[in-house]
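Inspection log for the structure reproduced underneath, given as structure tokens.
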Amino acid sequence: MTAQDMQALADTAAGLILFHNGLWGAPTCYMWAGPDGAAAGRVPPWECEALDRLRWRKLISAPSGSGVEDVPVVPTEAGLAALRAQRAHAA
């Protein structure tokens, strides 16, 4: 896993990433979560690519809701295990 992938996984585990399904005018994308949990800006393209790789590898879950609300992106059990392993290795 690349350093960008690990950073994206850590950001997801910290609750910093939302998924926007594009229903209220903007394209489907990842958004930063602000302190109140609402969208606070778009995630940069390089982290979006890392998030897509994590999603494809089933290390994060980003459900595409049918409403206008942005949904939190969450790590899966496999993603949490990868994060724990990386942190143990770094220690």
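The values are calculated or read from the model by the stated rules, or taken from the named source; none is laboratory data. Predicted model, so just to flag it, every value in this text is computed and none were measured. When the accessible area is computed, the model is the full protein with side chains, heavy atoms only, and any ligands, DNA or RNA have been set aside. Shrake-Rupley method; radii C 1.70, N 1.55, O 1.52, S 1.80 Å.
Things to note:
- Surface share of carbon and sulfur [accessible, 1.4 angstrom probe, percent] for the stretch 3-90: 60
- Taking all protein chains together, Glu77, Glu47 sort by accessible area into Glu77, Glu47, largest first [probe 1.4 Å].
- The stretch between Leu80 and Asp52 holds 8.4 nm of extra length on full extension. This uses 0.36 nm per residue minus the Cα-Cα distance.
- Once the Cα atoms are used to define both axes, helix 45-56 deviates from the longest principal axis of the chain by about 70 degrees.
- Heavy-atom surface of the chain, accessible at 1.4 Å and reported per residue (Å²): 58
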